[in-house]
Structures are given as C-alpha cells and as structure tokens.
Amino acid sequence: MAALDANTKNFISKLTFWRIWNMMKVYASFYLTKWLKRPVQWGTPFSVSIEPTTYCNLRCPECPSGLRSFTRKTGMLQVDFFRKTIEELKDELIYLTFYFQGEPYLNKDFLEMVAIAEAHNIYTSTSTNAHYLSDLNAKKTVESGLDRLIISIDGTTQETYQQYRIGGKLEKVITGAEHIIKWKKALNSAKPHVIFQFLVVKPNEHQIDEVKQLAKKIGVDEVILKTAQVYDYEQGNALIPENEQYSRYKKLGDGTYQIKNVLENSCWKLWHACVITWDGKVVPCCFDKDAQYQLGDLQTQTFKNIWNSEVYKNFRAKLVKGRKEIDICTNCSEGCEVNFSFDVD
C-alpha cells in the first residue's frame, strides 16, 4: 500500500467524530434522495466556500469579476462577520474554500481569516492569480496555516498567458510561486500544498507539457489541468480546446456543441456544500455566480435555520423534480468536469 502524502495526512488530521458523523448523514441522505426521487436532507454541509471579495485585478473573459458584469453588490468580507459564521459552522465543517469570485488577496484581512479557521482545525484552501504574492505575503501565507494554495497559471509564456488572463503578468505568477516555496522551506512547513492550476483552453493547450516542467523547476507539489466553463458554447467558441478530453463540450455532426454531462435530477453539491457571498448571502453552489438564488442571509439568520428553511427545501425539491428548469444548472459540468492531476516529483 502506498504511503499517504503529507497533504492527505494533514486533511485526515482535521477529522473528528462529529465531523465524520455529519458527513455520513449527508452521504446517506443524498443517496436516499436519489433512490426515493424526493429530497431528504440530513446533517449540514461539510464543505463551504466563502467569498473574500468580488474585486479582481484581471479581466478574464469567462469570469463575472473579470467582465465587471455583476448585478449583485461588490465588496469585502469582514473579519467579525467571518468569525461569527465560523463559530456556527466549526463543529461539522471539514473543508473551507476561501474563494467564489474575485481575488482573495485583495482583502487585507484574508490571511487573518485563514488563521481563524486554522485555529478551529478546519482544512483551508484558496485560489489566486498570484499577483499579490509578494515576499511578505508569501511568508504570512505560510504562517497563517493555509492548507492548500491553488495558483492559476494558464500559460508558460506571456503571449499565451495573457490571452485568457487579460491584464496579467506571468512573471508575477512565477515569482509569487517561488516566494511561497522559499518560505515553506525557510519555516520548515509542509503547508500549504501548492498547486499549479492550468485552465485548458485552445490558446494554451499546446503548453500542457511545459507547465508540468515549469512546476517541477519551481518546486510546486501538484499540477491540475482544469476544463473551462464557457457560456456561449453552442455555436463553438474560440476557447474550446481541440483536444476533446480537456473540454466540457463535444462537437456534433452539424458543427454545433453540447455539454458532455447528462443532466440528472440530482446534485451532490447541493447536499454537501454551499457558497456564502462576502455579504452573507447563502447560495446553492459556485455556478450561481451572480447570486440569483439567494436561499438565506447570514446577516439576519442562523446558518442552520437557512439550511433547514422552506426556501432551501423548495429549491431541493425543484431540482429533484426537474433540474433543467433551473437556469444555473443548464451549463453545470457536474459529471463532466474532469480535472487531470499530476504530482510533481
């Protein structure tokens, strides 16, 4: 049997009896829902995404933050609100993602909030474009106890990188990653587990082997090749890769495209996870980027009251009855969002 790596051991160390018991209840209720074809919900989410900010320094073409296209309010997550929310979730919560939209490091209190979650032994993760990983921020990141750091690097040359990461500088990404690796070694820390995430699109798919080589050179732990969500895909899109294994969409005989996923009337994300916006709105999942389906407000309600509310129950019932009737589900990639992961030796 292969030995567990440091990241896996770290994750397992976060598990407690109550967290495992809650997770078992969530799994059981999800599969019972699939069998009965009516919603059954036990337990509370063991994976939550919380949004440090909606602001971003880049203008990526398929991102509401980049396009500045939100109709909801933009702003910054406040420490006091975060602390109150974590106090309520801490006993059952295993995995906390500091990301929804925006660039987390634009929130000056981001790493303080990571440290708060770490104090409760919650596994923490974030995704960044790495433009703010200065030497000081890298040191603070390692000291915060962050468990997993995803660095978006969508090209190995500036020319390729900037085709999707509009306004970005690849040099800053590489330097930021080097700062993190430097401080992990200096502080003798196994954390964070550093990932290069390569969003595979047509302009960069020829550089997949190169990004693996770059990751090895810098010393990051893992490379993930991520398939891209495209909003206007039916008639084709310049971002859809030629290599279909890296695409969420397949080309039909008439030249049009359709999503690979068969849209079943069930959704694992809706049972085990949820998203909390910077201002406390609870939404069903990461596909509700503009928070169209607000299921509650943590500024005025407790999380458990929201999770067990009639609004949430009705949304689950609507999904089980006919998922195609919910617009944020129609471009959902659950089941076809295959990411390719490579450990870096």
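Helices in the chain, meaning DSSP H runs of at least 4 residues, each add -39500 (n - 2.57). Divided by all residues, the mean residue ellipticity at 222 nm is -10000 deg cm²/dmol. Lysines near K139 by alpha-carbon distance under 19 Å, same-chain residues fewer than 8 away left out - which ones? The qualifying lysines are K108, K172, K182, K184, K185, K191.
In this calculation the C-beta distance from E87 to Y55 is compared with R0 = 30 Å, giving a FRET efficiency of 0.70. Net length available on complete extension from Q258 to K182 is 23.0 nm, with 0.36 nm assigned per residue and the Cα-Cα distance removed. Here's the list of lysines a cross-link from K260 could span, going by alpha-carbon distance under 25 Å and ignoring same-chain residues fewer than 8 apart: K34, K37, K202, K226, K250, K251, K269, K289, K318, K321, K324.
Taken together, the values in this text are just the output of simple stated rules run on the coordinates, not laboratory data. Predicted model only: the values in this text are computed from it and were never measured. Note that we place each Cβ from the backbone using ideal geometry, even for glycine, and neighbour counts take in every protein chain shown.
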